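Visitor: Supplied in structure tokens, the structure appears directly below.
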Amino acid sequence: SGTDEAIFECDECRSLQCQRCEEELHQPERLRHHERTRIRPGHVPYCDSCKGANGNIMHASTPGSRQIAAVRCQVCKINLCVECQKRTHAGGNRRKHPVTVYHAGKAPEQEDDEGMDEETKRRKMTEKVVSFLLVDETEEIQVRNEEDFIKKLDCSPDQHLKVVSIFGNTGDGKSHTLNHTFFYGREVFKTSPAQESCTVGVWAAYDPVRKVVVIDTEGLLGATVNLSQRTRLLLKVLAISDLVIYRTRADRLHNDLFKFLGDASEAYLKHFTKELKATTARCGLDVPLSTLGPGVIIFHETVYTKLLGSDHPSEVPEKLIQDRFRKLSCFPEAFSSIHYKGTRTYNPPTDFSGLRRAVEQQLENNTTRSPRQPGVIYKALKALSDRFSGEIPDDQMVHSSFFPDEYFTCSSVCLSCGCGCKKSMNHAKEGVPHESKSRCRYSHQYDNRVYTCKACYERGMEVSVVPKTSASTDSPWLGLAKYAWSGYVIECPNCGVVYRSRQYWFGNQDPVNTVVRTEIEHVWPGTDGFLKDNNNAAQRLLDGMNFMAQSVSELSLGPTKAVTSWLTDQIAPAYWRPNSQILSCNKCNTPFKDNDTKHHCRACGEGFCDGCSSKTRPVPERGWGPAPVRVCDNCYENRGIQLDVAELPSDEEGGTLIARKVGEAVQNTLGAVVTAMDIPLGLVKDAARPAYWVPDHEILHCHNCRKEFSIKLSKHHCRACGQGFCDECSHDRRAVP
């Protein structure tokens with residue numbers, strides 16, 4: 001409104017401004033982002049009073065609807081064309097208002113392009129660009145066909161284009177970034193200060209300056225019902241893009257940026273590459289769609305923090321980005337390149353010039369991604385939408401949580417099926433057993449089958465049964481004789497003996513098909529295995545031998561006790577104390593003499609005299625079945641208390657190691673017979689050798705003193721490591737459970 005010559009024209013203020021007025025008018029925060037155009041000398045403005053057909057005043061932002069001003073009224077401070085001057089200033093006092101006549105000139109639309117600078121030409125080319133909805137939030141393409149896509153882009157069908165898309169969290173200014181990077185600040189893509197996201201789905205526009213299709217996407221972490229479908233839609237856009245801009249306004253780069261790009265790379269290689277190649281072959285396209293994935297530019301705007309790499313000038317930001325990917329175990333192998341472009345905004349507005357130069361540099365590079373016709377871009381998007389579409393079931397969606405159950409539940413894992421315990425942490429301290437909601441699977445290694453009586457189950461009871469050597473009503477000798485003749489038995493406390501494995505000469509059926517039900521239970525670390533009653537069959541037989549030995553005359557008592565004691569140590573359960581270590585009664589401390597009998601308590605495994613171990617009770621927890629067996633006085637009195645003693649042999653010891661013990665007993669007992677028959681001892685030893693023992697033919701010298709073995713120097717295997725030692729280096733004894 002002053003007398004100084006105008007230098008700027010502000011479309012949003014709708015006025016011409018000199019240098020001083022332009023600075024003062026745009027000082028408030030809300031007016032700083034107004035788009036101002038620097039005008040040249042002799043600029044002729046539009047008429048301020050021209051009205052459209054609907055009666056509204058037309059603004060300078062809609063060129064072609066208003067006339068060029070002919071005069072400026074110095075009193076009214078408005079510009080008027082010839083027609084408006086006649087209409088408003090022809091009569092009355094306004095006729096006397098002084099006016100300034102503009103020099104006749106051409107309208108801006110009619111100016112010769114040769115008189116424009118390059119920047120003005122580019123601005124003019126983008127004046128009519130508008131965006132359109134390409135794909136909605138339900139993954140439905142909103143253009144009917146290839147021709148409709150080209151028409152909405154407003155470009156030539158033969159024009160070769162590239163695709164630039166933008167990603168980032170909601171509210172980070174993705175649409176604003178595209179408007180200022182490609183369209184000189186014009187609101188081609190809608191922006192809004194509201195809390196709700198203004199970009200829903202995928203929007204596209206054509207940049208005629210750089211010959212690219214610009215795609216705006218819905219922000220991550222935004223409020224949406226179809227989260228998984230939105231993420232899949234973003235990956236489809238990424239797959240057809242030549243350049244991806246990841247916009248972030250976080251002062252420090254967050255992990256979700258790297259995880260998103262890493263997961264997108266994996267999905268591109270796993271799913272989209274194959275489908276894009278198939279589309280190339282199916283549509284007969286000359287341009288390959290998946291030579292390599294798109295390039296990525298991470299556009300990082302900070303306010304209070306330094307840009308990435310500014311603290312280490314010797315290291316380029318791209319190397320720091322790759323190191324961050326590697327630390328998070330994310331590998332963006334699908335992307336052809338990853339570049340970092342940062343800007344620090346001390347005072348608004350944001351400087352997009354660096355991003356603009358980086359984008360133009362990447363678009364000029366055609367070594368990995370070549371421009372293609374808009375029809376090819378549409379076909380690729382259509383193929384991906386047809387291939388990957390439809391609703392995603394809730395049970396297949398990936399739900400993230402800040403506090404997953406794994407933080408608070410037991411960390412134990414079933415050894416058989418690998419499922420985790422669903423109880424709370426440290427539940428074992430409260431006596432609560434492990435539990436899992438999933439069913440377990442059978443493992444031969446742990447033999448985690450549990451039998452229940454089928455007849456009792458049909459009567460509403462669940463009674464567990466185990467195969468064992470003899471029935472509870474049979475004596476040890478009679479039970480073992482029946483076992484040798486008729487096989488093992490399955491005895492139910494309610495129904496009695498319900499099954500014998502060799503009851504008939506032929507045609508014996510499996511118990512699972514007849515009398516028992518099978519359930520598969522979980523095998524938790526640190527818990528007892530699934531014990532079978534016949535673990536102590538050999539020791540029960542030996543008990544009978546001890547009983548018979550007591551009736552032998554005193555002449556043979558000594559040798560019998562020595563042999564019996566030795567045999568007891570060979571096949572005793574792991575929790576029994578060896579006879580050689582029992583020097584006195586564990587209760588009354590009476591020393592044992594040569595003729596005294598040592599008795600092992602079946603509950604605790606310690607040695608006692610006759611007077612301190614005369615009582616009997618069932619010890620089923622040690623695998624002795626329901627029949628009463630000899631126990632010490634302490635264990636008889638504490639019959640209701642679970643004793644804290646060594647565990648029974650494991651399945652492995654019950655198999656390979658027990659076979660070894662029996663083999664050693666047979667070898668030593670029948671040593672004279674074997675020697676006389678010239679049977680090589682090594683053959684017998686190899687037949688019963690555990691897997692971890694070093695074979696005899698590989699042992700050439702003592703593992704400790706390095707003495708070479710000969711016929712006179714015997715080899716002894718260490719029961720712990722399985723190596724071979726001489727007699728002098730293998731005197732020590734300890735339990736190896």
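Visitor: If you go through segment 177-184 one residue at a time, do you hit one that is assigned by the TED database to the domain that holds Ile245, among the β-branched types (Val, Ile, Thr) and surrounded by fewer than 16 Cβ atoms within 10 Å (Cβ to Cβ)?
Guide: no
Visitor: Condition test on Ser241, is it open to solvent by 10 Å² or more (accessible area, probe 1.4 Å), within 25 Å of Glu266 (Cα to Cα) and among the polar types (S, T, N, Q)?
Guide: Judged against the criteria, Ser241 is not a match.
Visitor: Restricting to segment 188-207, and then to whatever is surrounded by 19 or more Cβ atoms within 10 Å (Cβ to Cβ) and not in a strand (DSSP E or B), can you tell me which residue is modelled with the lowest pLDDT?
Guide: Here the residue is Thr199.
Visitor: Same structure, new question: With respect to the numbered conditions (1) under 30 Å from Ser411 (Cβ atoms); (2) over 30 Å from the mean Cα position of the chain (by Cα); (3) surrounded by 14 or more Cβ atoms within 10 Å (Cβ to Cβ), which one is the sole condition not fulfilled by Ser501?
Guide: Only one criterion in (1) under 30 Å from Ser411 (Cβ atoms); (2) over 30 Å from the mean Cα position of the chain (by Cα); (3) surrounded by 14 or more Cβ atoms within 10 Å (Cβ to Cβ) is unmet by Ser501, namely (1).
Visitor: Further question: Here are some residues: Pro349, Pro332. Which one is part of a loop (DSSP other than H, G, I, E, B), modelled with pLDDT of 85 or more and over 23 Å from Gly309 (Cβ atoms)?
Guide: Exactly one residue qualifies, and that residue is Pro349.
Visitor: Quick one: in segment 1-35, of everything that is touching a Ser or Thr at 6+ places or on another chain (Cβ under 9 Å) and touching a residue at least 24 places away in the same chain (Cβ under 8 Å), which residue is surrounded by the fewest Cβ atoms within 10 Å (Cβ to Cβ)?
Guide: Residue satisfying both the conditions and the ranking: Ser1.
Visitor: Mind counting the residues in segment 420-443 that are of a type in the set (Asp, Glu) and at pLDDT below 85? Please lay out each step first, then the result.
Guide: From segment 420-443, those of a type in the set (Asp, Glu) are 430, 435; that's our starting set.
Narrowing further to those that are at pLDDT below 85: 430.
Going through segment 420-443 one residue at a time, the tally reaches 1.
Visitor: Okay, moving on. Taking segment 270-280, which residues are under 20 Å from Ser228 (Cβ atoms) and open to solvent by less than 90 Å² (accessible area, probe 1.4 Å)?
Guide: His271, Phe272, Glu275
Visitor: Against the conditions (1) polar (S, T, N, Q); (2) more than 28 Å from Ala627 (Cβ to Cβ); (3) touching a residue at least 60 places away in the same chain (Cβ under 8 Å), where does Thr469 fall short? Just the number, please.
Guide: Of everything listed in (1) polar (S, T, N, Q); (2) more than 28 Å from Ala627 (Cβ to Cβ); (3) touching a residue at least 60 places away in the same chain (Cβ under 8 Å), Thr469 misses just condition (2).
Visitor: So in segment 443-466, with the set limited to residues that are of a type in the set (Ser, Thr, Tyr) and either in contact (Cβ under 8 Å) with a residue 40 or more places away in the chain or over 15 Å from Glu491 (Cβ atoms) (or both), which one is least open to solvent (accessible area, probe 1.4 Å)?
Guide: The residue in question is Thr452.
Visitor: Taking segment 494-523, which residues are within 30 Å of Lys437 (Cα to Cα) and not hydrophobic (A, V, I, L, M, F, W, C)?
Guide: At the first step, the residues of segment 494-523 found to be within 30 Å of Lys437 (Cα to Cα) are 510-523.
Answer for segment 494-523, where residues must be within 30 Å of Lys437 (Cα to Cα) and not hydrophobic (A, V, I, L, M, F, W, C): Asp510, Pro511, Asn513, Thr514, Arg517, Thr518, Glu519, Glu521, His522.
Visitor: Under 7 Å between Cβ atoms, at least 6 apart or on separate chains: pull out the pairs that start in segment 573-585 with a residue that is touching a residue at least 12 places away in the same chain (Cβ under 8 Å) and end on any residue that is open to solvent by 20 Å² or more (accessible area, probe 1.4 Å) and of a type in the set (Ser, Thr, Tyr).
Guide: Asn579/Ser565
Visitor: Criterion first (within 49 Å of the chain's Cα centre (by Cα) and under 17 Å from Ser416 (Cβ atoms)) does Val450 satisfy it?
Guide: Details: within 49 Å of the chain's Cα centre (by Cα): yes; under 17 Å from Ser416 (Cβ atoms): yes.
Judged against the criteria, Val450 is a match.
Visitor: Might you check whether a residue that is aliphatic (A, V, I, L, M) and at pLDDT below 75 occurs anywhere in segment 518-536?
Guide: Checking segment 518-536: at least one residue is aliphatic (A, V, I, L, M) and at pLDDT below 75.
Visitor: Against the definition (on the phi > 0 side of the Ramachandran plot and either in contact with a helix residue (DSSP H, G or I) (Cβ under 9 Å, 6 or more places away or on another chain) or among the aromatic types (Phe, Trp, Tyr) (or both)), how does Lys236 come out, yes or no? Working first, answer last.
Guide: Details: on the phi > 0 side of the Ramachandran plot: no; either in contact with a helix residue (DSSP H, G or I) (Cβ under 9 Å, 6 or more places away or on another chain) or among the aromatic types (Phe, Trp, Tyr) (or both): yes.
No.
The values are calculated or read from the model by the stated rules, or taken from the named source; none is laboratory data. Quick caveat: nothing in here was measured; it's all calculated off a predicted structure. Every residue, glycine among them, receives a Cβ derived from its backbone with ideal geometry; neighbour counts consider all protein chains shown. Areas reflect the complete protein model, heavy atoms only, side chains present, ligands, DNA and RNA absent. Shrake-Rupley method; radii C 1.70, N 1.55, O 1.52, S 1.80 Å.
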